[in-house]
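The values are calculated or read from the model by the stated rules, or taken from the named source; none is laboratory data. Please read all numbers here as calculations on a predicted model, not as lab measurements. Counting neighbours? That spans all protein chains shown, and the Cβs are built from the backbone with ideal geometry, glycine included. We work out accessible area using only protein heavy atoms, side chains counted, and drop any ligands, DNA or RNA first. Shrake-Rupley method; radii C 1.70, N 1.55, O 1.52, S 1.80 Å.
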Amino acid sequence: MVDQRETRALRGTSPARAAAAATLAVGLALAGAGCSPDEQTIAAGTVVAAPGVVDGDDASVTVRVPTGAVRLGVADPAGAVGSDRAADGASLLALEVAFDRSAVRSDVADLARVPGAGSPVELAVEVAGERYDLGTVGDPDGAVADDGSDERLGGDVLVAVEGAPDLDDVTVVVGYDGLDQRVALVDGAREPGPADPLYVAEREPRGPVTCDVDPAPRGVEVEGLACRAERMVSVPYVPGAGWAAEGNTWAVVPLVVSVTGVATTAPATADRGAYTVTGADQTVALGGAPPVTELDVTETGDGASYTSRLVFSLGADTPLDLELRRTYALRADSGAVPARRELVLDAALRLPATLRPPG
């Protein structure tokens, strides 16, 4: 277990609490005869909104995801909390739930918070091997992509659990895009896994790095050629690619390749010819492997200008040599030259070793 505990006072007023209390779907069972009409008997597995029930945290923990962090304050299990009572053989676990958008690495969040790219943040607790799903946590302002429901856990909630457990027996489970993080409630111990880099300070971006470009063929002049990788980052999670394999990272390489024109000299006439790009095909690989995904691909001028963020899987032994071949289709605009031809641009650059996952 890795001790990654983060504690923080979670009390305070929040407009989201009132909204959560009004919107949270709950299952309620009224107590039997003789109980006050305001009392509720809560069966094991039921979750209810209960604003103001967590009065002083007996334990607190923070769990980070790519879009922010789930912060929990938890009170010792009890048979009754206010007018809410646990059913026979159960007890009530009171939690204060908050979602903090600022408590995550900015390089990860910049990728994960793209509209439509966010995933639901699912919250659960495990007690004595039994899992109790609490619901979805997220931004009350809806900044994280919706999961099909407007309901979000926030503020204070109660969950009825079997038995009368100690807080030592409670594990918090936070799920994001197929990965569950399990954190011991009392000491914050967390099982190692692909989310570990979220708890480590981000590195400075690297770049720009200029490509080494092979010379143009004899008799061909490439005008305004640019080829470079902009600010590169190493992150554990990328939408569309998911979580990097344990021990690996995602190297995100913003690539820019452009030409402003192509001119040639016809061998027989020595006339200069000007060409316009009418299309382009590209292959790119890092250490011989293609990118797992491309983000924000933009091509203008029928391919004369190309930008994208290439995502590569990078391990401790992955070669750092990126190789690019871009083949341009050209149309002659002037000169006694062939009406159509191709230009093949071969380029290479070496990624900084600091992008590798920490040893």
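Residues that are touching a Gly at 6+ places or on another chain (Cβ under 9 Å), farther than 23 Å from Arg105 by Cα and among the hydrophobic types (A, V, I, L, M, F, W, C): which strands (runs of 3 or more DSSP E) entirely in the range 152-218 hold 1 or more of them?
Working: elements: 155-162, 170-176, 179-184.
In the range 152-218, the matching strands (runs of 3 or more DSSP E) lie at 155-162.
Inside the range 175-216, residues that are in contact with a Lys or Arg (Cβ under 8 Å, 6 or more places away or on another chain), closer than 21 Å to Gly240 by Cβ and of a type in the set (Asp, Glu) make up a count of 1. Checked against (1) more than 12 Å from the chain's Cα centre (by Cα); (2) of a type in the set (Ser, Thr, Tyr); (3) buried (at least 16 other Cβ atoms within 10 Å of the Cβ), Thr210 passes all but condition (3). Applying the criterion of being open to solvent by 50 Å² or more (accessible area, probe 1.4 Å) and over 28 Å from the mean Cα position of the chain (by Cα) to the residues of the range 302-331, the residue that is farthest from Trp243 (Cα to Cα) is Arg331. One residue stands out in the range 300-359 among those that are in a strand (DSSP E or B) and among the basic types (Lys, Arg): the one that is nearest to Gly193 (Cα to Cα), namely Arg309. If you go through the range 235-259 and keep only what is assigned to a strand (DSSP E or B) and within 14 Å of Pro291 (Cα to Cα), you end up with Val238, Gly242, Thr249, Trp250, Ala251, Val252, Val253, Pro254, Leu255.
Give me the strands (runs of 3 or more DSSP E) completely within the range 60-139, filtered to those with at least 3 residues that are open to solvent by less than 30 Å² (accessible area, probe 1.4 Å), ordered by residue number.
On the way: elements: 68-74, 84-86, 90-100, 121-127, 130-137.
Hits in the range 60-139: 68-74, 90-100, 121-127, 130-137.
Taking first residues from the range 187-205 that are of a type in the set (A, V, I, L, M) and partners that are modelled with pLDDT under 95 and assigned to a strand (DSSP E or B), the Cβ contacts under 6 Å between residues at least 6 apart in sequence or on separate chains come to Ala189/Asp3.
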